[in-house]
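Report on one structure; see the data block that follows.
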Amino acid sequence: SEFLHTRPAGHLGRTPNLRVGIVNAIIVTPDADSEILGNKITADRWANVLRTLGHDVSIAGQWNNADCDLLIALHARRSYSSVKRFREAHADQPLIVALTGTDLYRDLPDSIEARQSLSMATRVIVLQSAALERLSDEIRAKTSVIYQSALPPTERTAPSEDHFEVC
């Protein structure tokens with residue numbers, strides 16, 4: 001949501017004619033059909049946040065020329081084909097690539113597709129500030145850190161007296 005709300009009023013990314021309001025976004029994740037994998041859980045969480053903000057959001061395993069104002073791709077390497085097709089079809093529309101742990105710790109050094117996805121992105125999202133150290137200056141300049149968090153418990157319970165609990 002930071003990306004959608006930090007641009008000048010009436011604008012989204014580099015698209016001057018797109019009014020901020022209801023944005024039609026597609027989140028691409030390679031695990032779109034999974035119920036339990038991390039990228040799908042992240043896609044569901046982000047879709048819910050964007051829907052709460054009033055946007056139309058769908059989740060797909062890949063982008064197949066569906067109409068949208070914004071594409072968010074989870075996983076730079078595995079979503080490369082969607083990123084490339086979207087950027088070729090829509091040179092001036094916002095494209096966000098969110099780096100996953102697999103991207104950061106395995107793919108970026110060895111995968112030209114992962115690096116090209118980042119180059120084509122309007123914005124890049126990482127989930128921890130240490131990830132910035134793994135990015136080039138050019139990519140770091142268009143990267144935002146979004147710290148994911150859980151809601152705190154609504155009730156505090158007394159600590160156990162017979163053992164030590166860690167969360």
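The values are calculated or read from the model by the stated rules, or taken from the named source; none is laboratory data. Since the model is a prediction, treat every value here as computed from it, not as a measurement. Cβ sites come from the backbone with ideal geometry, for glycine too, and all protein chains shown count toward neighbours. Ligands, DNA and RNA are excluded from the accessible area calculation, which covers all protein heavy atoms including side chains. Shrake-Rupley method; radii C 1.70, N 1.55, O 1.52, S 1.80 Å.
Here's the picture: charge each Lys and Arg Cβ at +1 and each Asp and Glu Cβ at -1 in region 16-167, and of GLY38, PRO152, ALA60 the one pushed furthest to the positive end of that dipole is ALA60. Looking at the square roots a ≥ b ≥ c of the eigenvalues of the Cα gyration tensor of region 39-125, which shape do they give, rounded for a/c under 1.5, prolate if a/b is larger than b/c, or oblate? Here region 39-125 falls in the oblate category. Residue-wise HN-Hα couplings along region 116-122, as the Karplus relation 6.51 cos²θ - 1.76 cosθ + 1.60 with θ = phi - 60° gives them from phi, are 5, 4, 5, 5, 7, 6, 6 Hz; Gly and Pro carry x. Computed about the Cα centre, the dipole magnitude for region 90-167 is approximately 360 debye when only Lys and Arg (+1) and Asp and Glu (-1) carry charge, each at its Cβ.
Against the criterion of solvent-accessible heavy-atom surface with a 1.4 angstrom probe, THR52, THR102 sort, most first, into THR52, THR102.
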